[in-house]
1. Looking at the stretch 41-81, which of the residues that are assigned to a loop (DSSP other than H, G, I, E, B) and away from ligand 1 (no atom under 15 Å from the Cβ) is nearest to the chain's Cα centre (by Cα)?
2. What single numbered condition from (1) away from ligand 1 (no atom under 16 Å from the Cβ); (2) in a loop (DSSP other than H, G, I, E, B); (3) surrounded by fewer than 15 Cβ atoms within 10 Å (Cβ to Cβ) fails to hold for Leu96?
3. Kindly list, by first and then second residue, each pair from a residue in the stretch 102-114 that is of a type in the set (Ser, Thr, Tyr) to a residue that is assigned to a loop (DSSP other than H, G, I, E, B), limited to pairs with Cβ atoms under 6 Å and residues at least 6 apart or on different chains.
4. Among (1) in contact with a Gly (Cβ under 6 Å, 6 or more places away or on another chain); (2) within 16 Å of ligand 2 (Cβ to nearest atom), where does Gly173 come up short?
5. What number of residues within the stretch 65-84 are surrounded by fewer than 17 Cβ atoms within 10 Å (Cβ to Cβ) and either at pLDDT below 90 or not small (Gly, Ala, Ser) (or both)?
6. Kindly indicate whether Ser197 is more than 18 Å from the chain's Cα centre (by Cα) and either of a type outside the set (D, E, K, R) or under 30 Å from Glu35 (Cβ atoms) (or both).
7. If you check Gly41 against the conditions, is it in contact (Cβ under 8 Å) with a residue 12 or more places away in the chain and either of a type in the set (D, E, K, R) or surrounded by 10 or more Cβ atoms within 10 Å (Cβ to Cβ) (or both)?
8. Would you be able to tell me the number of residues in the stretch 138-157 that are surrounded by fewer than 19 Cβ atoms within 10 Å (Cβ to Cβ) and at pLDDT 95 or above?
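The values are calculated or read from the model by the stated rules, or taken from the named source; none is laboratory data. Predicted model only: the values in this text are computed from it and were never measured. We place every Cβ from the backbone using ideal geometry, glycine too, and count neighbours over all the protein chains shown.
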Amino acid sequence: MNEVTKIYQTKNRLGLFRSEIKLHTAVKALSLSIEPGEVVGLLGLNGAGKTTTIRMLSTLLDPTSGSIEVDGLSMDDNRKAIQSKVNMIPGGERMLYWRLTGRENLEYFGRLYGLSSMAIHRESSRLLDEVGLAEAADQPVEQYSKGMKQRLQIARGLINDPAYLFLDEPTLGLDAPIARQLRGTVRKLAKEQAKASC
Ligand SMILES: Nc1ncnc2c1ncn2[C@@H]1O[C@H](COP(=O)(O)OP(=O)(O)OP(=O)(O)O)[C@@H](O)[C@H]1O
Ligand SMILES: [Mg+2]
C-alpha cells in the first residue's frame, strides 16, 4: 500500500434536529509492503488504525486516497482477482453465522469464493480437522465456546487458500496454549507455503 489515507465521516447529533459532520483521519499516508512468506505485525495503541488498515488490505473498506496493490494488481480494477488471494481473520465473533453449523459456515464461505463443490467438501473437512473442530463440525455455532468460534474463524480465513492472510487480534479470547498453537500455524504457513501474514 502506498500513501494510503482513510478518513471516516461521522455524524454527531447535537440535538433533536441538529447534527454536525465530523471528519476523522484513522490512517494517514501509510506506506507498507509485505513480501510473500513474510509475517508482519502491526503494533499501535487502541484507535491507532490497525483494524482500518487490515480492512482496507483485505478489500472490505476503500481508502480515501492512496493506492493498494497485491501481486502487482491494483485494487481499483482487480478487486475480484485480489479477493481470491487475500482473506482476514477478525478477533471476536464477527463474520460467523450462528445458526449454521461450523461445517455449513465453511461451505458457505467456500461457495462465496467460488470453490467447486468437491473442493468445498474436501477443504471444509480438512480445515475443521486442522483446527480441532472435527467433532463439533455439525453443531450450530451458537453452541460453540469462544475459543471454538475463534478456531472456526481461522478455518474460515483459510478456506480460499489465500496467499495473504490478515489477522486482526486473532488470539482474542483464546487460552494461552491455543494462542501459541495459532502462532505456530501462522509460522508454518509462512515457511512451508510462503503465505504472508499481517
Ligand atoms: N466505521 C467507523 N466510523 C468512524 N470512525 C471509525 C470507524 N471505524 C474506526 N473509526 C475510528 O478510526 C480510528 C481507528 O480505529 P481502528 O479500529 O482502525 O483502530 P485499532 O488500531 O484497530 O484499535 P484497537 O486496538 O482498539 O482495535 C479510531 O479513532 C476509531 O474511532
Ligand atoms: Mg482493532
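1. The qualifying residue nearest to the chain's Cα centre (by Cα) is Thr59.
2. Leu96 satisfies all of (1) away from ligand 1 (no atom under 16 Å from the Cβ); (2) in a loop (DSSP other than H, G, I, E, B); (3) surrounded by fewer than 15 Cβ atoms within 10 Å (Cβ to Cβ) except (3).
3. Tyr113/Asn160
4. For Gly173, the exception is condition (1).
5. Adding up the residues that qualify gives 8.
6. For Ser197, the condition - more than 18 Å from the chain's Cα centre (by Cα) and either of a type outside the set (D, E, K, R) or under 30 Å from Glu35 (Cβ atoms) (or both) - is not met.
7. No: the conditions fail for Gly41.
8. Total meeting the criteria: 5.
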